[in-house]
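Undergrad: I have a structure I would like to understand better, so I am pasting it below and will then ask my questions one at a time.
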């Protein structure tokens, strides 16, 4: 059963003058907003949340590693810029990262960044990575090897600068 209510509406630009009839459904004494969630609705919500958590939790470590690698790459570029500025100003490369004020800077895994001048400490299949200086992070495992060749797994997670700054990224992608 529906109840018809007649209401007078005041004149305004949005509402024309006159009256209108509003149909309101009959209620059983409770307001429509006071109803709770049914058990079925709660089960559906919990199922959706569970499915999303099942998909997201295993992917989290991968994205965390990608974020750390990206941060290390950005910091290597920053160090490279500082080394270039030092070289431009003084006419020589710094002896260590302390000379440019970044000697205590740690990579995202808590290891100090490695800088070697002159270059030649890191190679790719017996070819030096750089001709000026070497700059790299030991990566997640904290281990490194002189060669970043694919047959050397300890250096594949390192973040390196190679090609005299033409490449900064994971050694495994070089």
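Undergrad: Residues of segment 131-147 being outside any loop (DSSP other than H, G, I, E, B) and out of contact with any helix residue (DSSP H, G or I) (no Cβ under 9 Å at 6 or more places or on another chain), which ones?
TA: Of everything in segment 131-147, just one residue is outside any loop (DSSP other than H, G, I, E, B) and out of contact with any helix residue (DSSP H, G or I) (no Cβ under 9 Å at 6 or more places or on another chain), namely 134.
Undergrad: Among the residues of segment 148-166, which ones are in a loop (DSSP other than H, G, I, E, B) and in contact with a strand residue (DSSP E or B) (Cβ under 8 Å, 6 or more places away or on another chain)?
TA: 148, 149, 156, 157, 158
Undergrad: Return yes when residue 122 is at negative phi and surrounded by fewer than 16 Cβ atoms within 10 Å (Cβ to Cβ) and no when it is not.
TA: No, not satisfied.
Undergrad: If I filter segment 96-107 for residues that are modelled with pLDDT of 95 or more, touching a helix residue (DSSP H, G or I) at 6+ places or on another chain (Cβ under 9 Å) and closer than 17 Å to residue 172 by Cβ, do I get at least one hit?
TA: yes
Undergrad: If you don't mind, there's one more thing I want to ask. Sort out which residues of segment 78-102 are closer than 18 Å to residue 160 by Cα and either surrounded by 14 or more Cβ atoms within 10 Å (Cβ to Cβ) or out of contact with any strand residue (DSSP E or B) (no Cβ under 8 Å at 6 or more places or on another chain) (or both), and write them in order of number.
TA: 78, 79, 80, 81, 82, 83, 84, 97, 102, listed by residue number.
The values are calculated or read from the model by the stated rules, or taken from the named source; none is laboratory data. What you are looking at is a predicted structure, and each value in this text was computed from that prediction instead of being measured. When we count neighbours, we look across all protein chains shown, and the Cβ atoms used for this are built from the backbone with ideal geometry, even at glycine.
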